[in-house]
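Asks: Handing you a structure now.
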Amino acid sequence: MTARTQWKEAVTAVEQAASILVVTHVSPDGDAIGSLLGLAVALRERGKKVAAAVDGGVPEFLKFLPGAKTVRDKLKQGRWDVMVSVDASDEERTGACGAFGRARSRLVINLDHHLTNTDFGDIFLVMPEAVSATEIVYRWLVEMQHPISQPVATALLAGLVTDTMGFRTQNVTAETFSIVQALMAAGAPLAEVTARALVAKPYSSIELWKRVLPSVRLDDGIISAWITQDDLAAAGIKDVTDGGLVSLLASVEDAKIAVVFKQKPDGAVEISLRSKPGFDIGQVALELGGGGHAQASGATIPGPLEAAAARVMPLLAGVVR
Ligand code: 5GP
Ligand code: MN
């Protein structure tokens, strides 16, 4: 969808609300948790009763962010005047917490920066040109004339840093840095946020890479790798992840698209896609029932791994051609 920003309606909705629920997407990353916490903490500063929730809770590496302890990993009771969904392109992405919240909230605000946003909810703060969902939260707080505190600034900076891979993506502009400037002036520690939310890896990621690098292939500009349940178990990893491998593969000079196929416990296959500017893999993910951005997207499709690869590789070849 194109940009749709109903600032006035969104400001009024939260001003009139007493209780607000904030949710984000499952398998949350730095921008999901950054926007969840930045908004939740700021709304609490404004005297609102705010619940924040995401299936499974805050991942270990993001627990240093202010307010992380207040995030619930499931919802069993509660009713809210407003639910805000942040950084989620569709309703399904918000998981069980989103489904529960939607059924028990009077109004849903859809705050997102995915080009593949499906237009769900009642009030829209959707800006595909925003580098992160936290950029939109920042702009909303400016509209509310809410002074940015150090905890809020730190959470918001985490989203900017992670979704731009440390300000290295094509969509970063001078405007991005004016927001970073404001957040740092409010006390957000850039080096610490970058080190903890973007750079740091558990050693198990390296154990995983040691096992799966032999599966890497580069054919006609598409670099790919496979990760099985056995690989994850051998590395001692409990969730379905590539430990950042897709970014490493995407850095290869001759690769236009990088794809990692990850086997889930139920046999389905999670795919992570990255591309160089000029090659849009957001639409491919959308076609596969997932979503994302032009240069970073993903989807979950039926297995086995061989069948998933046989389906996805021709679509990627179509983008490179
Ligand atoms: P990652 O490869 O880091 O898991 O995901 C990269 C991007 O694709 C993120 O912006 C993420 O939100 C999006 N993405 C990954 N998987 C899915 C999915 O199953 N559905 C949707 N809608 N987006 C996804
Ligand atoms: Mn995001």
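The values are calculated or read from the model by the stated rules, or taken from the named source; none is laboratory data. Remember, predicted model here, so these are calculated numbers, not experimental data. Every residue, glycine as well, gets a Cβ built from its backbone with ideal geometry; the counts of neighbours run over all protein chains shown. Each accessible area value is taken on the protein alone, full model and side chains, heavy atoms only, with ligands, DNA and RNA left out. Shrake-Rupley method; radii C 1.70, N 1.55, O 1.52, S 1.80 Å.
Asks: Within the range 139-179, can you find the residues that are under 16 Å from the mean Cα position of the chain (by Cα) and not in a loop (DSSP other than H, G, I, E, B)?
Replies: Those that are under 16 Å from the mean Cα position of the chain (by Cα) and not in a loop (DSSP other than H, G, I, E, B): ALA155, LEU156, LEU157, ALA158, GLY159, LEU160, VAL161, THR162, ASP163.
Asks: Applying the selection to the range 296-321, what residues are of a type in the set (Val, Ile, Thr) and open to solvent by 10 Å² or more (accessible area, probe 1.4 Å)?
Replies: If the condition is that a residue be of a type in the set (Val, Ile, Thr) and open to solvent by 10 Å² or more (accessible area, probe 1.4 Å), then THR300, VAL319, VAL320 are the ones that fit.
Asks: Sticking with this structure for a sec: Do we have GLY318 as in contact with a strand residue (DSSP E or B) (Cβ under 9 Å, 6 or more places away or on another chain), away from ligand 2 (no atom under 16 Å from the Cβ) and small (Gly, Ala, Ser) here?
Replies: no
Asks: Of VAL41, VAL14, VAL82, VAL50, which residue is closer than 17 Å to GLY159 by Cα and of a type outside the set (S, T, N, Q)?
Replies: VAL41
Asks: List the strands (runs of 3 or more DSSP E) inside the range 208-295, counting only whole elements, that have at least 2 residues being buried (at least 19 other Cβ atoms within 10 Å of the Cβ) and outside the structural domain of ARG93 (by TED's automatic domain parsing).
Replies: The strands (runs of 3 or more DSSP E) meeting that bar are 222-227, 257-263, 269-275.
Asks: Pick out the one residue from SER132, SER149, SER205 that is more than 15 Å from ligand 1 (Cβ to nearest atom) and modelled with pLDDT of 95 or more.
Replies: Matching residue, one of SER132, SER149, SER205: SER149.
Asks: When the residues of the range 103-138 are narrowed to those that are hydroxyl-bearing (Ser, Thr, Tyr) and either in a loop (DSSP other than H, G, I, E, B) or open to solvent by 60 Å² or more (accessible area, probe 1.4 Å) (or both), which ends up farthest from ligand 2 (Cβ to nearest atom)?
Replies: Applying the filter and picking the extreme gives THR118.
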